[in-house]
1. Could we say that residue 123 is farther than 20 Å from residue 147 by Cα and of a type in the set (A, V, I, L, M) here?
2. Need a quick list: helices (runs of 4 or more DSSP H) entirely within the stretch 217-284 having at least 1 residues that are at pLDDT 95 or above and among the charged types (D, E, K, R).
3. Can you confirm whether the stretch 176-184 contains a residue that is in contact with a Phe, Trp or Tyr (Cβ under 7 Å, 6 or more places away or on another chain) and either within 27 Å of residue 204 (Cα to Cα) or touching a residue at least 12 places away in the same chain (Cβ under 8 Å) (or both)?
4. Inspect all residues belonging to the stretch 92-105 and state whether any of them is within 16 Å of the chain's Cα centre (by Cα), part of a loop (DSSP other than H, G, I, E, B) and closer than 16 Å to residue 177 by Cα.
5. Looking at 113, 136, 153, 127, which one is surrounded by fewer than 22 Cβ atoms within 10 Å (Cβ to Cβ), within 19 Å of residue 247 (Cβ to Cβ) and modelled with pLDDT of 95 or more?
6. Within the set of pairs 6 or more residues apart or between chains, which connect a residue that is closer than 15 Å to residue 230 by Cα and surrounded by 22 or more Cβ atoms within 10 Å (Cβ to Cβ) inside the stretch 19-30 to a residue that is polar (S, T, N, Q) and at pLDDT 95 or above with Cβ atoms less than 7 Å apart?
7. Quick one: how many residues across the stretch 65-85 are surrounded by 14 or more Cβ atoms within 10 Å (Cβ to Cβ), out of contact with any Asp or Glu (no Cβ under 7 Å at 6 or more places or on another chain) and part of a helix (DSSP H, G or I)?
8. Please pick out the residue among 32, 102, 76 that is closer than 21 Å to residue 211 by Cβ and modelled with pLDDT of 95 or more.
Amino acid sequence: MARQVALVVGASRGIGRQIAIDLAKAGYAVVVSAKSTSDPAKVTPFPPNPNSSQSTISTVEREIKEAGGEATAIAVDVRDYESVQRLVAGTIEKYGRLDVLVYNSGAIWWASVEDTPMKRFQLMQRVNPEGLYGTVQAALPHLKREGKGRIIVVSPPIYSRFFRGKTAYAMGKVGMSVLTKGLAMDFERQGLSDMAITSIWPAASIESAATEQFVKKNPDEARDLRKATIFSEAILEMLKAPASVVNGQLELDEDFLRRHVGVADFSKYSLVPGSSPRRIMPAELPDLSVKEQADEGRRYDSAKDRKSKL
């Protein structure tokens, strides 16, 4: 059987880099994608700090290859749909297939509505929900070719406290989770029982470029951080799970590993040995379904209506 191919968008640093590296270790050919590129031969010492600007898709590709894995770096600007289309086309040209899409790209600005400039709001919407939507649109025909494609989205469970103090950011991130729910229903309606889309979010804060800057100013905060490996390992387990188990689910890394893999001790993921990182997510999340979930009434399909008028 040909090696399965995973496309990781937002893979230059931090969590995305770790996901790409661990997918390669698991046997995937990995397309490493983001905006940043460099000449990896000029980076010394190597590998670079994974949360620094020296870490690019070029250095991640080199890391994977030097470890014996298969990787290709392809630059993309997710705000530009033509760039996204070229990324997917380049993936197919290189490997001839696409089995897994991981969307980790993200723009962040946490502030009140009043203190979130319009340009920041627009950037977050273009990178977060719009970038995801365009990448899924471009990738879907290839993911559906074998009828077993998987999509992993880095977006949160939907609950009220998430909006507090970061409304503009939450609007986009929750929109990404809505896409997860909606596309999962599309798969079910189309009878694609081996296709799945799943969202994942950290239960406790994870070391990243953003948290590294914060920890520099507040060193004690490192005790509340986990290594990115908890996130990548949860994703690998999601990809192993039956589609029916994960399709449309909005998961937390820790909770998924506990429920589906039986992990009870999470101490190995603590950034500071012996520490117990504080959970930032609720222990229980609301059920979004309603009693009338199966009753769609008379469903209107704009695409079919348009075709009938042509």
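1. Against the criterion (farther than 20 Å from residue 147 by Cα and of a type in the set (A, V, I, L, M)), residue 123 qualifies.
2. Counting at least 1 such residues, we get 229-240, 253-256.
3. So in the stretch 176-184, the residues in contact with a Phe, Trp or Tyr (Cβ under 7 Å, 6 or more places away or on another chain) come out as 179.
So of that shortlist, the ones also either within 27 Å of residue 204 (Cα to Cα) or touching a residue at least 12 places away in the same chain (Cβ under 8 Å) (or both) come out as 179.
Yes, some residue in the stretch 176-184 is in contact with a Phe, Trp or Tyr (Cβ under 7 Å, 6 or more places away or on another chain) and either within 27 Å of residue 204 (Cα to Cα) or touching a residue at least 12 places away in the same chain (Cβ under 8 Å) (or both).
4. Within the stretch 92-105, one or more residues are within 16 Å of the chain's Cα centre (by Cα), part of a loop (DSSP other than H, G, I, E, B) and closer than 16 Å to residue 177 by Cα.
5. 136
6. Taking only residues 6 or more apart or on different chains, the pairs are 19/104; 19/232.
7. 4
8. Exactly one of 32, 102, 76 is closer than 21 Å to residue 211 by Cβ and modelled with pLDDT of 95 or more, namely 102.
The values are calculated or read from the model by the stated rules, or taken from the named source; none is laboratory data. Just so you know, these numbers come straight off a predicted model, no measurement behind them. Please note: Cβ atoms are built from the backbone with ideal geometry, for glycine as well, and neighbour counts cover all protein chains shown.
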